[in-house]
Every structure is written in C-alpha cells, then in structure tokens.
Amino acid sequence: MNKWMKTVLVLAALAMPIYPAQAGGFFGKKPQVLSWQEALTNANRKVDNEGAASVLGVRVGEHVRRIGLHATLHKHMQDFFQSLRRTGSTEAAARKCQANYELIKQTALRNPLFAHYELTALVPGDFCTLSAQELTRIRRFFQGVQPLEQALAYQKVFLLTLKEGTARMWFVVNPQDKTLTFNYNDPRDLETLDELKTDWKPLLVK
C-alpha cells in the first residue's frame with residue numbers, strides 16, 4: 001500500500017462518527033434496561049462476591065461493620081417505640097405502630113432479594129401513619145404479588161416507589177449496608193439523603 005492510500009484511509013477513519021456507549025450504545029444500539037429485580041440481584045451478588053474475594057481481615061471487618069450498623073438501626077427503632085409510650089401515646093397506638101414495622105420487616109426478610117436487610121425509616125413515625133390498605137400494599141409487594149410504581153437505580157442505592165390511592169411510599173435499598181429505609185408520602189425527607197443526589201437511571205418494574 002503506497003503512502004497516498006494510507007493517508008486516505010487515515011482521513012476516512014477520522015471522519016467516521018463516534019457513538020458514545022452510555023448515550024446510545026455502539027452503532028446506535030440502546031443500552032439494556034434491567035428490571036429492578038435483576039439489578040438488585042446483581043448488586044447483592046457483587047457485594048457478596050467482594051466479601052468472599054477479599055482477604056479474611058477485610059471480609060470480617062466489613063461483616064462486623066454491617067452487624068454494628070444493623071444493631072444501631074434496630075435500637076433506634078426500639079427506642080422510638082418506647083418513646084411513644086413515654087410521651088402520652090396510648091399503649092394500643094404504640095403497639096400498632098410497632099406491629100406495622102415488624103410486619104413489614106419480617107415480610108421483607110422472607111423475600112430472597114432482601115434477606116439479611118435491616119429495616120429503618122427516615123421518620124420512624126411513618127410506620128404509625130400507615131392505613132390498613134397501605135400496609136397490605138407494602139406486604140403484597142414484598143411477597144411478589146403486586147408490582148412497583150417506579151424503580152430507579154442510583155450509584156449506590158435503589159429507590160423503589162409504591163402507590164396506594166393518593167399516597168406514595170418509598171424504600172431506599174442499600175446493598176452495601178443491607179438496609180431498607182422507609183419513607184411515607186413526603187419526598188422532602190428523601191432530599192436529605194446524599195445517596196439520592198447522584199445520577200440515576202430507570203429500571204423496569206415488571
């Protein structure tokens with residue numbers, strides 16, 4: 001191949017359009033959109049595999065950190081329920097609030113996607129405001145009976161949205177910490193979380 005032909009080929013290559021993989025995929029193919037179940041399964045597996053692949057000290061340290069975090073979150077919720085009784089709430093109201101929390105927690109733990117996750121809330125009193133219909137909606141979601149309204153993947157967490165009537169309920173899912181953070185009908189509370197200030201992408205809710 002002579003020098004003139006090489007020059008023509010180089011110029012032709014430089015003139016070819018470049019397709020960013022993130023924006024539209026190579027040759028115009030759209031990036032694959034996962035369901036929230038697939039995305040969460042992958043995230044859980046990645047965290048579990050990282051733990052298994054790390055040296056013993058690192059793996060044990062991360063496990064201990066997570067146990068400590070879960071214990072702190074659990075104590076925070078129990079302290080809240082005790083405070084209800086000390087601040088004039090009726091025993092029946094306090095029991096109902098704690099029962100809502102326990103029902104959601106146990107139902108979530110029976111779902112393999114949320115095994116070993118700890119349930120908490122940005123505002124613990126949100127567990128007290130749930131109607132019977134809203135509680136049933138949450139329970140049926142974790143049982144795999146009813147789909148989500150919306151699912152978004154952020155850099156470190158997932159935001160899952162449920163709807164019942166005019167109310168919206170959110171769960172922030174953190175695979176690294178194995179935590180489920182509940183929020184009821186007030187998106188302003190979600191704005192306090194740094195994890196939700198990153199880029200995000202939608203997930204299928206099938």
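Every number here is computed from the coordinates shown, using simple stated rules; none is lab data. From a predicted model like this one, the values you see are computed outputs, not experimental measurements. Don't worry about glycine lacking a Cβ; one is built from the backbone with ideal geometry, like all the others, and counts go over all protein chains shown.
What to note about this one:
- Value of Rg/Rh across region 100-206 [Cα atoms, Kirkwood radius]: 0.92
- Around the amide H of S35, modelled in the peptide plane, lie the amide H atoms of L204, all under 5 Å away and 5 or more residues distant in sequence or on another chain.
- Averaging 1/r over each pair of different alpha-carbon atoms in region 58-127 and inverting the result gives 13.3 Å, the Kirkwood hydrodynamic radius.
- Taking 0.36 nm per residue of separation and subtracting the Cα-Cα distance, full extension of the segment from E91 to L193 would add 33.5 nm.
- Listed peptides 139-147, 79-87 appear in the order 139-147, 79-87 once ranked by packing, highest mean of other Cβ atoms within 10 Å at the front.
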